[in-house]
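Asks: Quick one: the structure is below, and I'll ask about it shortly.
The values are calculated or read from the model by the stated rules, or taken from the named source; none is laboratory data. Note that the coordinates shown come from a computational prediction; the quantities given were computed from them, not determined experimentally. When we count neighbours, we look across all protein chains shown, and the Cβ atoms used for this are built from the backbone with ideal geometry, even at glycine.
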Amino acid sequence: MSKSATRAQTAIYTGLLGLISGSLYFALYWFEEIILDWSKQGGWYFLVPIAIAFTFSLVHGSFTGHFWDLLGVKAKSAKS
């Protein structure tokens, strides 16, 4: 989100990312057998679980980052 985004816009964006993340988890559960069958076929199908992992990482990581920012929690910077 841009620096000029309001708190309400940030909350809506965070909620949307959370909804997408939850939907991805549900889809993974719902289509478990199909995904397993694809990944067992060999060849280039080994990329299916890798693509799913990257997708989860991006969406859930963005949601988590925005969630903590919305709550005002920041990482402590390590200074030498």
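Asks: Contact list please: Cβ distance under 6 Å, first residue in region 29-50 and at positive phi and modelled with pLDDT of 90 or more, second residue part of a helix (DSSP H, G or I) and not small (Gly, Ala, Ser), pairs at least six apart or on different chains.
Replies: Here the result reads none, with nothing in region 29-50 linked to a residue that is part of a helix (DSSP H, G or I) and not small (Gly, Ala, Ser).
Asks: Could you please give the count of residues in region 3-27 that are touching a helix residue (DSSP H, G or I) at 6+ places or on another chain (Cβ under 7 Å) and aliphatic (A, V, I, L, M)?
Replies: 4
Asks: So, Gly72, is that one small (Gly, Ala, Ser), out of contact with any strand residue (DSSP E or B) (no Cβ under 6 Å at 6 or more places or on another chain) and loosely packed, with under 12 Cβ neighbours inside 10 Å or not?
Replies: It is true that Gly72 is small (Gly, Ala, Ser), out of contact with any strand residue (DSSP E or B) (no Cβ under 6 Å at 6 or more places or on another chain) and loosely packed, with under 12 Cβ neighbours inside 10 Å.
Asks: Next question, about the same structure. Confirm whether Val59 is modelled with pLDDT under 90 and among the aliphatic types (A, V, I, L, M).
Replies: Spelling it out, it is not the case that Val59 is modelled with pLDDT under 90 and among the aliphatic types (A, V, I, L, M).
Asks: Another question, if that's okay. Of all residues in region 25-57, count the ones that are surrounded by 13 or more Cβ atoms within 10 Å (Cβ to Cβ), aliphatic (A, V, I, L, M) and either out of contact with any Ser or Thr (no Cβ under 7 Å at 6 or more places or on another chain) or not in a helix (DSSP H, G or I) (or both).
Replies: Going through region 25-57 one residue at a time, the tally reaches 3.
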